[in-house]
């Protein structure tokens, strides 16, 4: 039986694991969406590359093998890179970044033929060979001229290119690992150069061969020393040899310079040179420095080496060294001009190489000069010996002259500062001058043998014995130091008192021979160097103290909370403490110039670079603020919430050496991210406060406009009614009333009716504005509650339209209600919602629809109701506005989320109005905001309706949005979360209660008010308690017109007096009792709440019979005011302004309640 076929793209079956058997493992594939948490900064950077515009395409569409290769190289701690596809698109890891320098980050995901243009021919051939053969290519220590730090640099690499075989069997990519060995290769070359120089110097036996051998030793290193010119120096006749006595430089030898250029450089007059190079040479010579001086090419004459074919890389050097060659005692011997490698920076390694060259040359030169001096001295000594042998007979004859000479020597020795002593073969001192006695304290003749042992400290006795043995063995004289037992004490102006426990001397001893060459004694010389040794010890002590100070400084810096770094003048890090690396989020980098710039935000890169350049140039101390690339999050907040970057405060100054040259730069950084975040937050809060102030001022202006305009209309209409009534009375009183004034009277009455309707409309408009403000206040105080009850959404929608029946009819606007088939599919008839809040949203949307449709040619408003089991925001054409953060849902609606009958009821209001532009849609559903500034001017309104609607829908678990096109109308849609419920049992008061709720929200139905005369038999007598005489008069007149008997009182005290006069008062009264009391709350003497409490106390005590129906009539509409009224004993509350039908309905309700309470 054949095995089942396996697709080339599918893995073998032996690796398959069923999902049920697969263990739960953490996922680390950050190339997929969503990525795992805690990505590294380089992973974040790689994800943010614009892959869609690269040959690889979007990251989410990468093939599996590419993903695997990218994940592989990113996990590799060594430099690694992938060249993918025929375009060889490059993807590299973080360790690869230092290798390419400034080519990062632009190279990631791009065409390497452009980014690696200078070296691509080499890599292209390797990749092409791999594609054709499928074999791995290994390159060992290959040189590349690579442009990565602003110049073409000599670099060396060891690499391995591995062809990657795709599913189709051919090479789809190359995987390369690269190791830079530039430092090793160049270091080996320079070490070989030093070895060659050492070999040549070792073969040098005289000054005649020293300089040619020096050139032989340096000639093989044509890259680091492409040019070398050796000058001898001539001094002015009669000068003492001071540095400024050099008159000219004569070119003796050269290497790498053309014959044409030699002509102008063969002799340089340091004082009269016109080319400009003489002053440069002179400045270097006069500096009296042992180390070379670095000179830039631009500082030299421009055509200095115009005809030279350069050694090494064939291009001119950009930097040169002026190289004085001095002996150890500072004597200037020769002068060299050295051209440096144009493909390498003059860094610390290069400086170390030059320093070793200097040390080798100086050391061998000094030794050779010393050897020649010694040879000359030996020659002179041999000549003296021969002469002494020839004249020995003469010396014997001139004994007297010799003795006289001895006397002169003794006189000289006694006066010299150098101690002189002679001894016999037993070590007894025969003669010593005063300097010797002052140093040793020894008096000749006191000791019998090796008398110096009595003078030196015990530790130096072995030195005396050793040197005495050398004298007896006739060995050459040697120089040595001894310490005598005499204490040292001296005072001078510079150092003050100098003291030591012993004196120190520099001594030598040599044998004395007679004329036959026989040893007869010894001579010793000593020089008191106690002062020098004291100074030397002080220098050593100060050096130790300096080292301890450095240790203290470093310990402090290592533990300091701020970042501290010592930086060379070229930007190389010499020291950093842990805080520096922690703040910059970097690893220690001792090889890259200015590595801290890699952590700086691109927008502040130039600023930080200039900051360091200014310090190097001598400015400072300086301070600068800058952003870093790494993100920063406020402590306690979710990472990535604010999208902020870290901030630092950097300060620095330059440290100078004794010569006034820059030694290094001291820089410290402090993280100020928290301070910046706080400042940013304060600035944001200030802007928000200013914007809120501006919105509130605009809102106050709009509210003022919306209230003043209707008040103006009310005033004018009242004047119109007054005028019409006055003219009507005049006309009626006329004798010719029927013939002359009957037609004009009808016109006057129509005008009065129209004015009264306008007043009603204006009052209703003002009520709507005030209601919006009150609703907003409840929302801000979290006092707006949701009270769901069973209702039929279709009936509620129809009732909403009925409220606008008059206005729709006047504006000739057609309406329709559409019930979506989803209602029937989900059996949606009765649902659980708050009818008043649902109706409030519908009224706001219908009001806006009427407002923007009344002036259109086509006037139609459609209300559509639908239902769904999922949130309608999915695949919707409506732009829903996102919910506010931390929106609090009323507790009574939270249970809807877990009920199996939960659905989403969606309601749309579509109009044929002017539509909305994209800019206008952005401002919708915001506090105090309207579609455009012209909206308020043209249509009025407070700008709160849609904002309130948004808040209510969100409180009911939904959202609100809009779909609109300018010129074609708008569709405002909202959905709420609800539940399907069974139809409730019949309630005789439910319909009337709902009607009463609806009537309180009527905007303008234009219907005539019905009278309450039919109910006069039930409610006959009413007590009106109102301190405002105008309101009292108007209300009493309206009630009397409806057939009621009205008694008035100005405050609560008068109300009680009226009650005491009725038959309800047990202590006697003759007048009929009141069926209903209409009570204002805010009144003088006794307010309404105090009055009703007193009435209830009288009823409870039996002083008043029955239960009196009391209805509060007040302008205090907040929920706490209504609650306080009911708790005080009111049977109902009607808020001002109100329509008489509303008041009559509330009176009847209160009366029924009191009647029921009375018969319990």
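The values are calculated or read from the model by the stated rules, or taken from the named source; none is laboratory data. Bear in mind that the values here come from a model prediction, so they are computed numbers and not experimental data. Heads up, the Cβs are rebuilt from the backbone with ideal geometry, glycines too, and the neighbour counts pull from every protein chain shown.
Residue-by-condition table, conditions (1) assigned by TED's automatic domain parsing to the domain that holds residue 837; (2) at pLDDT 50 or above:
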{"site": "960", "(1), (2)": "yes, yes"}
{"site": "970", "(1), (2)": "yes, yes"}
{"site": "979", "(1), (2)": "yes, yes"}
{"site": "982", "(1), (2)": "yes, yes"}
{"site": "989", "(1), (2)": "yes, no"}
{"site": "995", "(1), (2)": "yes, no"}
{"site": "1004", "(1), (2)": "no, no"}
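Selection of first residues in the stretch 474-486 that are in contact (Cβ under 8 Å) with a residue 40 or more places away in the chain and of second residues that are loosely packed, with under 15 Cβ neighbours inside 10 Å and assigned to a strand (DSSP E or B), restricted to Cβ pairs under 8 Å at least 6 apart or on distinct chains, gives the following pairs, ordered by first then second residue: 474/519.
Do you know which of the residues in the stretch 436-447 that are within 15 Å of residue 482 (Cβ to Cβ) and touching a strand residue (DSSP E or B) at 6+ places or on another chain (Cβ under 7 Å) is modelled with the lowest pLDDT? Here the answer is 442.
Scan the stretch 782-816 for residues that are assigned to a strand (DSSP E or B) and within 19 Å of residue 851 (Cα to Cα) and the total you get is 3.
Scanning the stretch 309-343 for residues that are in a loop (DSSP other than H, G, I, E, B), surrounded by 19 or more Cβ atoms within 10 Å (Cβ to Cβ) and touching a helix residue (DSSP H, G or I) at 6+ places or on another chain (Cβ under 8 Å) yields 317, 340, 341. Is it the case that residue 327 is under 49 Å from the mean Cα position of the chain (by Cα) and outside the structural domain of residue 153 (by TED's automatic domain parsing)? Considered against the rule, which asks whether it is under 49 Å from the mean Cα position of the chain (by Cα) and outside the structural domain of residue 153 (by TED's automatic domain parsing), residue 327 comes out as no.
For the criterion of being surrounded by 16 or more Cβ atoms within 10 Å (Cβ to Cβ) and part of a helix (DSSP H, G or I), residue 865 fails. The set of residues in the stretch 663-688 being under 18 Å from residue 623 (Cβ atoms) and touching a strand residue (DSSP E or B) at 6+ places or on another chain (Cβ under 7 Å) consists of 665, 666, 667, 668, 669, 670, 671, 672, 673, 676.
Scanning the stretch 253-276 for residues being part of a strand (DSSP E or B) and modelled with pLDDT of 85 or more gives a total of 3.
Return yes when residue 621 is surrounded by fewer than 16 Cβ atoms within 10 Å (Cβ to Cβ), under 27 Å from the mean Cα position of the chain (by Cα) and more than 30 Å from residue 180 (Cβ to Cβ) and no when it is not. Taking the combined requirement at face value, the residue satisfies it. Here is the figure for the stretch 1042-1075: residues that are in contact with a helix residue (DSSP H, G or I) (Cβ under 9 Å, 6 or more places away or on another chain) and in a helix (DSSP H, G or I) total 5. Screening residue 239 with (1) touching a helix residue (DSSP H, G or I) at 6+ places or on another chain (Cβ under 8 Å); (2) at pLDDT below 85; (3) within 29 Å of residue 308 (Cα to Cα); (4) exposed (fewer than 15 other Cβ atoms within 10 Å of the Cβ) gives one miss only, at (3).
For residue 260, the criteria (1) loosely packed, with under 13 Cβ neighbours inside 10 Å; (2) over 22 Å from residue 358 (Cβ atoms); (3) without any contact (Cβ under 8 Å) to a residue 40 or more places away in the chain hold in every case but one, which is (3). Scanning the stretch 1088-1115 for residues that are crowded, with 17+ Cβ neighbours inside 10 Å and part of a loop (DSSP other than H, G, I, E, B) gives 1107, 1108. Condition check: modelled with pLDDT of 90 or more and either farther than 20 Å from residue 1035 by Cβ or assigned by TED's automatic domain parsing to the domain that holds residue 1021 (or both). Does residue 1157 satisfy that? Answer is no for this residue. The single condition among (1) assigned by TED's automatic domain parsing to the domain that holds residue 431; (2) surrounded by 13 or more Cβ atoms within 10 Å (Cβ to Cβ) that residue 554 does not satisfy is (1). Given the condition in contact (Cβ under 8 Å) with a residue 24 or more places away in the chain, touching a helix residue (DSSP H, G or I) at 6+ places or on another chain (Cβ under 6 Å), in a helix (DSSP H, G or I) and assigned by TED's automatic domain parsing to the domain that holds residue 1038, answer yes or no: does some residue in the stretch 1076-1087 qualify? No, that holds for no residue.
Residue count for the stretch 263-277, restricted to those that are in contact (Cβ under 8 Å) with a residue 12 or more places away in the chain and surrounded by 16 or more Cβ atoms within 10 Å (Cβ to Cβ): 4. When the test is whether a residue is assigned by TED's automatic domain parsing to the domain that holds residue 1103, closer than 20 Å to residue 1100 by Cβ, modelled with pLDDT of 90 or more and over 60 Å from the mean Cα position of the chain (by Cα), residue 1055 passes it.
Could you please let me know if residue 700 is assigned to a helix (DSSP H, G or I), more than 13 Å from the chain's Cα centre (by Cα), modelled with pLDDT under 80 and surrounded by 11 or more Cβ atoms within 10 Å (Cβ to Cβ)? Yes: the conditions hold for residue 700.
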